[in-house]
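See below for the structure under consideration.
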There are 2 protein chains.
Amino acid sequence: MPLAEIVGSLAAFLTTASFLPQAAKVLRTRETGAISLIMYSMFTAGVTLWGIYGVMTMQWSIIIANAVTVVLASIILGMKVRAVFADRASRPKT
Amino acid sequence: MPLAEIVGSLAAFLTTASFLPQAAKVLRTRETGAISLIMYSMFTAGVTLWGIYGVMTMQWSIIIANAVTVVLASIILGMKVRAVFADRASRPKT
């Protein structure tokens, strides 16, 4: 494997796998205060489009890496959305 | 521009730009409790390698997108590391 491909594969592994500890942390602690709702909305939409790009250009590595990231980012986004709604519901009505 | 290129460009814009609201939120609130240190360590290393991959394969779009993401991810990682050290320093010695 050429050196550039090794560097690219390691880069793809790290950026995709990095969302695993974040998803695990959010599921374990249920804490999402510092997590940006706008970030995960944009990011989840972005990796979904990367997956569609992979399908359109028939690149399996792009499809698989982004499918994994969509699942992990969706968990984080889902927990954040839940916390935002729970927070709104608990506020006193004025 | 072919449709796949439009989808890919939009995907690249969204995934890169998504770290801007997260970096802004962390800088504004100084709150990093829910942010995973392991995630941002792996992610920053990964996007740095993506940038190196871009240099090795001479792809300017990859170099620029990842250079922007490295800066934004480093801000978030830096604030998290600072908070971890501040937290350790404030703990009573036993």
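Pairs needed: first member in the stretch B:82-94, at pLDDT 90 or above; second member anywhere, part of a helix (DSSP H, G or I) and surrounded by 10 or more Cβ atoms within 10 Å (Cβ to Cβ); C-beta distance under 8 Å; at least 6 residues apart or different chains.
From residues that are at pLDDT 90 or above, the pairs are B:VAL84/B:LEU37.
Condition first: without any contact (Cβ under 8 Å) to a residue 40 or more places away in the chain and among the charged types (D, E, K, R). Now tell me which residues in the stretch B:29-68 satisfy that.
Hit for the stretch B:29-68 is B:GLU31, nothing else.
I'd like to verify a number: residues in the stretch B:10-57 that are more than 7 Å from chain A (Cβ to nearest Cβ) and not in a helix (DSSP H, G or I), how many?
Count: 1.
B:VAL81 versus (1) assigned to a helix (DSSP H, G or I); (2) facing chain A (nearest Cβ under 7 Å); (3) not charged (D, E, K, R): which is the lone unmet condition?
Only one criterion is unmet by B:VAL81, namely (2).
Tell me, which residue of the stretch A:60-80 that is surrounded by 15 or more Cβ atoms within 10 Å (Cβ to Cβ) and of a type in the set (Val, Ile, Thr) is nearest to A:GLN22 (Cα to Cα)?
Among them, the one singled out is A:ILE76.
Are there any pairs, at least 6 apart or on different chains, whose C-beta atoms fall under 8 Å, with the first in the stretch A:1-14 and over 15 Å from B:VAL55 (Cβ atoms) and free of Cβ contacts under 8 Å to residues at least 40 places away in the same chain and the second of a type in the set (A, V, I, L, M) and surrounded by 15 or more Cβ atoms within 10 Å (Cβ to Cβ), and if so, which?
Within 8 Å, the pairs are A:LEU14/B:MET42; A:LEU14/B:ALA45; A:LEU14/B:LEU49.
The values are calculated or read from the model by the stated rules, or taken from the named source; none is laboratory data. Not measured: the values here are computed from a predicted model. Don't worry about glycine lacking a Cβ; one is built from the backbone with ideal geometry, like all the others, and counts go over all protein chains shown.
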